[in-house]
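To start, the structure itself, in structure tokens.
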Amino acid sequence: MAAVSGALGVALLQMAVVVTAAPQLDQPADRLAELRSEIEAAADVDVQDFVAVMAAYRLPRTDDAQQAERARAVEAALLAATEHPLTLVGALAETVTLSYELESLVKASIVSDVLAGRDIARGAALAALHTVDINLAQLDRLASPMAADLRARRDAVLGRLEEEG
């Protein structure tokens, strides 16, 4: 799961900050703690989203009313299962950005952990974007009016990651 991997990336950055133990790292340390909490929580949300999508796909569809209700439920579940990973990617992109600031502030002997944390956070973000892409394809198939906005958000966050990379 992308969130679990991303939390590991943040933890490596946190370790570098703790080992360096410099006052100028207090604010980044606080932000890393917030990001890690947000990213860890995203793992549970991902499971909930998956369960909701699968439940929606299992709804009966024997008549027009059931088919319409199923389509609404699938779209709603897919929207959540697309928005949540996009939020996760935003937090991971912020982690990547913060890692560049930390790189010059931590002890030289621990910079490799900052680099590894950055790589893990970036990889987790890209993994979460795979989920977004799969769900966007399904939303397109359903002709969801929200697909275009979600795709724009996806493109923006991917652009942010590529700028940092």
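Coordinate-derived values only; no laboratory data. All of these numbers come straight from a predicted model, not from anything done at the bench. Note that each Cβ is placed from the backbone with ideal geometry, even for glycine, and that neighbours are counted across all protein chains shown.
Only a single item in (1) in a helix (DSSP H, G or I); (2) in contact (Cβ under 8 Å) with a residue 24 or more places away in the chain is not met by Ala137, and it is number (2).
The single condition among (1) within 20 Å of Asn135 (Cβ to Cβ); (2) within 25 Å of the chain's Cα centre (by Cα); (3) surrounded by 14 or more Cβ atoms within 10 Å (Cβ to Cβ) that Met54 does not satisfy is (3). Applying the criterion of being aliphatic (A, V, I, L, M) and either closer than 30 Å to Ala21 by Cα or under 14 Å from the mean Cα position of the chain (by Cα) (or both) to the residues of region 72-85, the residue that is surrounded by the fewest Cβ atoms within 10 Å (Cβ to Cβ) is Ala80.
Go over the candidates Thr95, Thr62, Thr87, Thr82 one by one and state the one that is among the β-branched types (Val, Ile, Thr), touching a Gly at 6+ places or on another chain (Cβ under 9 Å) and either in a helix (DSSP H, G or I) or more than 22 Å from Glu34 (Cα to Cα) (or both). Write out each step before concluding.
Values: Thr62 fails: touching a Gly at 6+ places or on another chain (Cβ under 9 Å); Thr87 fails: touching a Gly at 6+ places or on another chain (Cβ under 9 Å); Thr82 fails: touching a Gly at 6+ places or on another chain (Cβ under 9 Å).
Only one candidate passes the filter, namely Thr95.
Scanning region 57-71 for residues that are under 29 Å from the mean Cα position of the chain (by Cα) and either exposed (fewer than 13 other Cβ atoms within 10 Å of the Cβ) or small (Gly, Ala, Ser) (or both) turns up Arg58, Ala71. Among what's in region 86-131 and is among the hydroxyl-bearing types (Ser, Thr, Tyr) and under 25 Å from Ala22 (Cβ atoms), pick the residue that is nearest to the chain's Cα centre (by Cα). The extreme case among them is Thr95.
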